[in-house]
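The values are calculated or read from the model by the stated rules, or taken from the named source; none is laboratory data. Since we're looking at a predicted model, the values are computed, not measured. Don't worry about glycine lacking a Cβ; one is built from the backbone with ideal geometry, like all the others, and counts go over all protein chains shown. In case anyone asks, the SASA skips ligands and DNA or RNA and just uses the protein heavy atoms, side chains included. Shrake-Rupley method; radii C 1.70, N 1.55, O 1.52, S 1.80 Å.
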Amino acid sequence: MEERKDDPLDWRWQLAHRIQRIEDLVHYVDLNPREIEDINAAARQFRWSITPYYASLMERRNPHCPIRRQAIPTAEELEDEEGNFDPLHEVEHSPTPGLIHLYPDRVAFTVTTECAMYCRHCIRKRVVGRIDARLRPEELQRGIEYIRSHPEVRDVLITGGDPLVASDQWLDALLRQIRAIEHVEIIRLGTRTPCTLPQRI
(Lines give C-alpha, C1' and ligand atoms only; values in the text may rest on other atoms or scores of the structure.)
Protein backbone atom coordinates (compact mmCIF):
# COMPACT_ATOMS: atom_id res chain seq x y z
CA MET A 1 0.00 0.00 0.00
CA GLU A 2 1.34 3.43 -0.94
CA GLU A 3 1.77 6.13 1.66
CA ARG A 4 -0.88 8.82 1.55
CA LYS A 5 1.55 11.68 2.04
CA ASP A 6 -0.95 14.36 3.03
CA ASP A 7 -3.39 12.24 4.98
CA PRO A 8 -3.31 12.48 8.81
CA LEU A 9 -5.30 9.24 8.92
CA ASP A 10 -2.36 7.35 7.42
CA TRP A 11 -0.14 5.86 10.15
CA ARG A 12 3.03 6.69 8.24
CA TRP A 13 1.95 10.34 8.06
CA GLN A 14 1.51 10.32 11.83
CA LEU A 15 5.03 8.90 12.31
CA ALA A 16 6.56 11.39 9.89
CA HIS A 17 4.89 14.32 11.69
CA ARG A 18 5.60 13.35 15.29
CA ILE A 19 5.98 16.26 17.69
CA GLN A 20 9.57 16.46 18.96
CA ARG A 21 10.05 20.17 19.60
CA ILE A 22 8.51 22.55 22.11
CA GLU A 23 7.72 24.90 19.22
CA ASP A 24 5.39 22.24 17.80
CA LEU A 25 4.01 21.06 21.14
CA VAL A 26 2.63 24.51 22.00
CA HIS A 27 0.13 24.15 19.15
CA TYR A 28 -1.59 21.53 21.32
CA VAL A 29 -1.00 22.57 24.95
CA ASP A 30 -0.14 25.64 26.98
CA LEU A 31 3.21 25.30 28.76
CA ASN A 32 4.50 27.34 31.67
CA PRO A 33 8.23 28.17 32.04
CA ARG A 34 8.76 25.35 34.56
CA GLU A 35 7.28 22.77 32.17
CA ILE A 36 9.52 24.02 29.36
CA GLU A 37 12.55 23.76 31.66
CA ASP A 38 11.54 20.21 32.64
CA ILE A 39 11.11 19.13 29.01
CA ASN A 40 14.55 20.46 28.12
CA ALA A 41 16.17 18.79 31.15
CA ALA A 42 14.60 15.38 30.53
CA ALA A 43 15.27 15.60 26.78
CA ARG A 44 19.00 15.79 27.44
CA GLN A 45 18.79 12.20 28.72
CA PHE A 46 15.70 10.70 27.08
CA ARG A 47 14.10 11.16 23.70
CA TRP A 48 10.53 12.39 23.47
CA SER A 49 8.11 12.17 20.59
CA ILE A 50 4.31 12.39 20.39
CA THR A 51 2.02 11.57 17.48
CA PRO A 52 -0.26 14.42 16.39
CA TYR A 53 -3.23 12.14 17.06
CA TYR A 54 -2.22 11.55 20.68
CA ALA A 55 -1.39 15.23 21.22
CA SER A 56 -4.87 16.14 20.00
CA LEU A 57 -6.34 14.24 22.98
CA MET A 58 -4.54 16.37 25.58
CA GLU A 59 -6.28 19.01 27.67
CA ARG A 60 -4.70 22.28 26.58
CA ARG A 61 -4.71 24.07 29.95
CA ASN A 62 -4.41 21.19 32.42
CA PRO A 63 -0.80 20.17 33.18
CA HIS A 64 -2.16 17.26 35.25
CA CYS A 65 -4.13 15.80 32.34
CA PRO A 66 -3.34 12.04 32.41
CA ILE A 67 -2.74 11.98 28.66
CA ARG A 68 -0.24 14.83 28.94
CA ARG A 69 1.49 13.10 31.86
CA GLN A 70 2.09 10.00 29.71
CA ALA A 71 3.61 11.96 26.85
CA ILE A 72 5.30 15.18 27.96
CA PRO A 73 8.69 14.84 29.72
CA THR A 74 9.20 16.02 33.30
CA ALA A 75 12.28 16.41 35.48
CA GLU A 76 10.91 13.63 37.72
CA GLU A 77 12.09 11.14 35.10
CA LEU A 78 15.69 11.92 36.00
CA GLU A 79 15.26 10.64 39.56
CA ASP A 80 16.78 7.18 39.63
CA GLU A 81 18.65 6.22 42.78
CA GLU A 82 20.69 3.48 41.12
CA GLY A 83 21.37 5.56 38.05
CA ASN A 84 20.76 2.73 35.58
CA PHE A 85 17.11 3.17 34.55
CA ASP A 86 16.72 -0.61 34.35
CA PRO A 87 14.06 -1.31 37.00
CA LEU A 88 13.50 -4.93 35.95
CA HIS A 89 17.24 -5.70 35.64
CA GLU A 90 16.69 -6.80 32.05
CA VAL A 91 20.30 -6.24 31.02
CA GLU A 92 21.56 -9.04 33.26
CA HIS A 93 18.96 -11.42 31.79
CA SER A 94 19.84 -10.74 28.15
CA PRO A 95 21.72 -13.70 26.62
CA THR A 96 21.76 -12.10 23.14
CA PRO A 97 21.14 -8.54 21.97
CA GLY A 98 17.44 -7.69 22.17
CA LEU A 99 16.40 -10.90 23.92
CA ILE A 100 15.37 -10.92 27.60
CA HIS A 101 14.98 -14.29 29.32
CA LEU A 102 13.71 -13.39 32.76
CA TYR A 103 11.17 -16.21 33.27
CA PRO A 104 11.90 -19.88 32.47
CA ASP A 105 9.19 -20.47 29.84
CA ARG A 106 9.02 -17.06 28.14
CA VAL A 107 11.19 -14.43 26.54
CA ALA A 108 10.76 -10.81 25.54
CA PHE A 109 12.27 -10.07 22.13
CA THR A 110 12.95 -6.33 21.78
CA VAL A 111 13.17 -6.17 18.01
CA THR A 112 13.13 -2.37 17.62
CA THR A 113 14.05 0.70 19.66
CA GLU A 114 11.49 2.92 17.95
CA CYS A 115 7.97 3.74 19.15
CA ALA A 116 5.18 5.86 17.74
CA MET A 117 5.31 7.83 20.99
CA TYR A 118 7.89 7.66 23.79
CA CYS A 119 5.90 7.09 26.97
CA ARG A 120 7.26 8.82 30.05
CA HIS A 121 6.65 5.74 32.21
CA CYS A 122 8.62 3.43 29.90
CA ILE A 123 10.76 0.83 31.68
CA ARG A 124 13.19 0.72 28.73
CA LYS A 125 13.83 4.41 28.20
CA ARG A 126 17.55 3.75 28.68
CA VAL A 127 17.54 2.30 25.15
CA VAL A 128 14.19 3.04 23.53
CA GLY A 129 14.25 6.04 21.26
CA ARG A 130 18.00 6.53 21.39
CA ILE A 131 18.38 5.33 17.80
CA ASP A 132 15.45 4.55 15.54
CA ALA A 133 16.55 1.09 14.49
CA ARG A 134 15.60 -2.52 14.50
CA LEU A 135 18.00 -5.22 15.55
CA ARG A 136 20.64 -5.90 12.92
CA PRO A 137 19.79 -9.02 10.89
CA GLU A 138 22.55 -11.04 12.53
CA GLU A 139 21.32 -10.02 16.02
CA LEU A 140 17.77 -10.95 15.08
CA GLN A 141 18.97 -14.36 13.92
CA ARG A 142 20.94 -14.89 17.14
CA GLY A 143 17.76 -14.23 19.12
CA ILE A 144 15.74 -16.62 16.98
CA GLU A 145 18.45 -19.26 17.30
CA TYR A 146 18.46 -18.80 21.10
CA ILE A 147 14.69 -19.41 21.19
CA ARG A 148 15.08 -22.44 18.90
CA SER A 149 17.78 -23.96 21.12
CA HIS A 150 15.80 -23.51 24.37
CA PRO A 151 12.81 -25.90 24.27
CA GLU A 152 11.56 -24.61 27.61
CA VAL A 153 10.56 -21.35 25.91
CA ARG A 154 6.90 -21.62 24.93
CA ASP A 155 5.88 -17.94 24.97
CA VAL A 156 7.56 -15.17 22.92
CA LEU A 157 6.66 -11.53 23.45
CA ILE A 158 7.67 -9.41 20.45
CA THR A 159 8.27 -5.95 21.86
CA GLY A 160 10.72 -3.09 21.73
CA GLY A 161 10.23 -0.22 21.28
CA ASP A 162 7.05 -1.06 19.46
CA PRO A 163 7.06 -3.75 16.78
CA LEU A 164 4.07 -2.21 15.00
CA VAL A 165 6.13 0.74 13.77
CA ALA A 166 7.77 -1.77 11.42
CA SER A 167 6.25 -2.70 8.07
CA ASP A 168 3.85 -5.59 7.67
CA GLN A 169 6.37 -7.36 5.44
CA TRP A 170 9.17 -7.14 8.01
CA LEU A 171 6.89 -8.34 10.79
CA ASP A 172 5.57 -11.19 8.67
CA ALA A 173 9.09 -12.43 7.96
CA LEU A 174 9.94 -12.34 11.68
CA LEU A 175 6.72 -14.04 12.79
CA ARG A 176 7.11 -16.80 10.19
CA GLN A 177 10.51 -17.72 11.63
CA ILE A 178 9.24 -17.81 15.20
CA ARG A 179 6.09 -19.75 14.25
CA ALA A 180 8.32 -22.39 12.68
CA ILE A 181 9.86 -23.20 16.08
CA GLU A 182 7.94 -26.25 17.26
CA HIS A 183 8.02 -25.62 20.99
CA VAL A 184 6.79 -22.01 20.78
CA GLU A 185 3.06 -22.10 21.61
CA ILE A 186 2.30 -18.40 22.11
CA ILE A 187 3.48 -15.31 20.21
CA ARG A 188 2.39 -11.93 21.55
CA LEU A 189 2.94 -8.38 20.31
CA GLY A 190 3.70 -5.74 22.93
CA THR A 191 2.32 -2.52 21.45
CA ARG A 192 0.67 0.74 22.46
CA THR A 193 -0.34 1.67 18.92
CA PRO A 194 -4.06 1.07 19.61
CA CYS A 195 -3.97 4.19 21.79
CA THR A 196 -0.97 6.19 20.49
CA LEU A 197 -1.28 5.42 16.76
CA PRO A 198 -4.66 3.74 16.11
CA GLN A 199 -4.28 4.46 12.39
CA ARG A 200 -1.74 1.61 12.32
CA ILE A 201 -4.37 -0.89 13.41
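Numbers for the structure displayed
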item: Residues that are surrounded by 13 or more Cβ atoms within 10 Å (Cβ to Cβ) and part of a loop (DSSP other than H, G, I, E, B), drawn from the stretch 156-184; result: 160, 161, 162, 166, 181, 184
item: Failed item in (1) over 21 Å from the mean Cα position of the chain (by Cα); (2) open to solvent by 80 Å² or more (accessible area, probe 1.4 Å), with residue 63 passing the rest; result: (2)
item: Helices (runs of 4 or more DSSP H) lying entirely in the stretch 36-155 (those with 3 or more residues that are touching a Ser or Thr at 6+ places or on another chain (Cβ under 9 Å)); result: 137-148
item: Hits in the stretch 19-35 (condition: part of a loop (DSSP other than H, G, I, E, B) and out of contact with any helix residue (DSSP H, G or I) (no Cβ under 6 Å at 6 or more places or on another chain)); result: 20, 21, 26, 27, 29, 30, 31, 32
item: Selection from the stretch 1-56 of residues that are farther than 17 Å from residue 125 by Cα, open to solvent by 40 Å² or more (accessible area, probe 1.4 Å), aliphatic (A, V, I, L, M) and free of Cβ contacts under 8 Å to residues at least 60 places away in the same chain; result: 1, 16, 26, 36
item: Residues of the stretch 188-201 classified as touching a helix residue (DSSP H, G or I) at 6+ places or on another chain (Cβ under 6 Å), open to solvent by 40 Å² or more (accessible area, probe 1.4 Å) and at pLDDT 95 or above, total; result: 3
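Here's the yes/no breakdown for (1) of a type outside the set (D, E, K, R); (2) closer than 20 Å to residue 189 by Cβ; (3) modelled with pLDDT of 85 or more:
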{"position": "100", "(1), (2), (3)": "yes, yes, yes"}
{"position": "105", "(1), (2), (3)": "no, yes, yes"}
{"position": "114", "(1), (2), (3)": "no, yes, yes"}
{"position": "117", "(1), (2), (3)": "yes, yes, yes"}
{"position": "121", "(1), (2), (3)": "yes, yes, yes"}
{"position": "129", "(1), (2), (3)": "yes, yes, no"}
{"position": "133", "(1), (2), (3)": "yes, yes, no"}
{"position": "151", "(1), (2), (3)": "yes, no, yes"}
{"position": "154", "(1), (2), (3)": "no, yes, yes"}
